[in-house]
Amino acid sequence: METEDLAFMSELARDPQRAISLSEQMSLQANQQALQQATNVIILLGGKAGRLGECVVGTALLEGTLQLLRSQHKAGTPVQIFIDQSSGDLFDIRSYQQAYWPEISIQLLATPLNVEDLIPVLSETAVNKRALVLDFHGARDGMPARTQITTAVGTLDILENLFRVSIRYYALRGPERRYADFLCDLFALPSSALPGTEIQPRIRLTQEDEIRYQQLQREMHFDPDSILIICFFQSVVLAKCYELWDEVMQLLCEYAAQHLPAQKLSFVLTCGPDDNLPAGFKKADMVEWLQDFRGVQNNASVHIYSTLTLRDLAILSSHARLALSDDTGPGHITGALQIPTIVPFLPGNIYAQFIWSSTPWHHGVTLNPNPYTNQQIEFAVIWGKTDIIDSIPATELYQEAVRYLQKDK
């Protein structure tokens with residue numbers, strides 16, 4: 001087993017003009033060679049402790065890898081995608097096969113694969129295979145490295161611990177180029193090899209999903225001619241739960257009453273399982289808080305819905321004009337569906353806005369300049385205090401949101 005350290009990519013992310021040493025250049029060239037010589041590719045995708053958001057953000061790297069294979073004349077290479085079981089129904093294998101090539105498969109896992117688990121995967125293929133493993137899983141949060149394992153049946157080139165640098169550090173490259181630049185740098189390819197606008201988180205929906213949307217709409221009884229605004233007002237982290245959403249909603253209704261007088265607004269609030277949610281933000285609390293909201297002269301309605309599956313949530317979200325979301329997993333789904341997503345972020349770097357505004361369709365609002373110390377923000381997270389997140393004025397979130405109320409989808 002041979003391992004090469006790729007931690008220098010964290011510095012390259014910060015400074016694209018950074019001089020690359022000969023040994024570093026050789027490491028990246030070795031990655032490129034592994035890509036070009038791969039007879040099959042294994043992609044690991046998911047989130048630490050099953051975090052939905054990390055899995056969804058990682059789809060940018062999945063899409064980028066498939067496009068990179070195609071650009072390098074390797075379309076048709078067998079690709080095995082291993083995904084967290086908890087996020088699995090977001091991924092429709094047929095849509096990937098139709099968009100790329102039929103030799104793509106998806107397998108759902110209850111727990112993430114480790115390096116030792118990959119050797120039997122190689123053994124399932126024919127002799128003399130060279131498999132390239134791309135570890136985009138958020139559970140492994142270390143610095144990147146390349147490990148090569150030679151067995152009796154072939155060779156494994158494992159690019160491991162890619163999540164931290166690709167998602168956190170390369171966010172410094174900006175919303176358009178962050179994912180594409182990481183993959184181009186990883187494989188020593190020019191930036192022109194991948195178009196940044198296309199290499200973004202993506203949830204692929206189908207025609208069958210459109211039929212399912214019609215069913216969901218009938219079940220929820222909201223006006224099909226109204227403006228649909230999808231809402232995610234829950235988070236397992238109490239310090240990220242914004243308590244002024246009703247004020248944002250009221251401001252949007254006041255705008256609609258003045259400028260769109262014949263238009264109704266349907267706020268669809270989707271709720272996850274109560275198990276891990278903090279007190280005050282369970283489904284019953286959402287009902288008590290917002291079920292009687294009617295806007296201005298009854299120009300709004302609120303529909304509180306327990307989402308049965310993540311795919312239903314994506315299907316419903318795909319028809320929204322905009323999303324109002326805490327900094328939480330479902331907001332990454334709407335961004336990956338190219339729905340404008342308005343998010344209040346805690347100031348500072350604990351849940352940094354520039355990192356977790358994961359798509360160009362995220363429109364984050366935070367406190368700038370930041371009046372709080374890191375210690376105060378950490379205290380709020382540890383002790384479940386909402387005073388910092390609630391200090392973001394509702395008017396600022398409204399100003400971001402109303403731009404998309406004005407536009408036809």
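The values are calculated or read from the model by the stated rules, or taken from the named source; none is laboratory data. All values derive from a computational prediction rather than experimental measurement. Because the Cβ atoms are built from the backbone with ideal geometry, glycine has one as well, and the counts that use them run over all protein chains shown.
Observations on the structure shown:
- Screening residue 57 on (1) more than 16 Å from the chain's Cα centre (by Cα); (2) in contact (Cβ under 8 Å) with a residue 60 or more places away in the chain shows it passes everything except condition (1).
- Meets criteria (at pLDDT below 95, assigned by TED's automatic domain parsing to the domain that holds residue 218, touching a Pro at 6+ places or on another chain (Cβ under 8 Å) and not acidic (Asp, Glu)) for residue 368: yes
- Which numbered condition residue 295 misses (of (1) more than 21 Å from residue 51 (Cα to Cα); (2) surrounded by 18 or more Cβ atoms within 10 Å (Cβ to Cβ); (3) under 24 Å from the mean Cα position of the chain (by Cα)): (3)
- Enumerated helices (runs of 4 or more DSSP H) restricted to the range 297-409, each holding at least 3 residues that are farther than 22 Å from residue 283 by Cα: 353-356, 374-383, 394-405
- Scanning the range 305-315 for any residue that is more than 30 Å from residue 368 (Cα to Cα), of a type in the set (A, V, I, L, M, F, W, C) and at pLDDT below 95 turns up at least one such residue.
- Long-range neighbours under 6 Å by Cβ, at least six apart or interchain, first residue within 24 Å of residue 70 (Cα to Cα) within the range 90-115, second among the hydroxyl-bearing types (Ser, Thr, Tyr) and surrounded by 13 or more Cβ atoms within 10 Å (Cβ to Cβ): 92/206; 95/206; 104/96
- Failed criterion for residue 65 (all others in (1) part of a helix (DSSP H, G or I); (2) β-branched (Val, Ile, Thr); (3) modelled with pLDDT under 95 hold): (3)
- Test for residue 34: is it in a helix (DSSP H, G or I), modelled with pLDDT of 95 or more, hydrophobic (A, V, I, L, M, F, W, C) and touching a helix residue (DSSP H, G or I) at 6+ places or on another chain (Cβ under 6 Å): no
- Unmet requirement for residue 340, which otherwise passes all of (1) at pLDDT 95 or above; (2) out of contact with any Phe, Trp or Tyr (no Cβ under 8 Å at 6 or more places or on another chain): (2)
- Considering residues of the range 301-313 that are surrounded by fewer than 23 Cβ atoms within 10 Å (Cβ to Cβ) and touching a residue at least 40 places away in the same chain (Cβ under 8 Å) only, the residue farthest from residue 47 (Cα to Cα): 301
- Scanning the range 25-53 for residues that are in contact with a strand residue (DSSP E or B) (Cβ under 9 Å, 6 or more places away or on another chain) and under 27 Å from residue 355 (Cα atoms) yields 27, 31, 42, 43, 44, 45, 46, 47, 50, 51, 52.
- Considering only residues in the range 138-156 that are closer than 22 Å to residue 86 by Cβ and crowded, with 17+ Cβ neighbours inside 10 Å, the one that is farthest from the chain's Cα centre (by Cα) turns out to be 140.
- Subset of the range 324-338 (residues that are β-branched (Val, Ile, Thr) and surrounded by fewer than 24 Cβ atoms within 10 Å (Cβ to Cβ)): 328
- Considering the range 211-253, and only residues there that are among the charged types (D, E, K, R) and touching a residue at least 40 places away in the same chain (Cβ under 8 Å), the residue that is farthest from residue 402 (Cα to Cα) turns out to be 212.
- Residues that are at pLDDT 65 or above, outside any helix (DSSP H, G or I) and more than 24 Å from the chain's Cα centre (by Cα), drawn from the range 117-137: 128, 129, 130, 131
- Within the range 101-119, being closer than 16 Å to residue 40 by Cβ and in contact with a strand residue (DSSP E or B) (Cβ under 8 Å, 6 or more places away or on another chain) holds for 103, 104, 105, 106, 107, 113, 118, 119.
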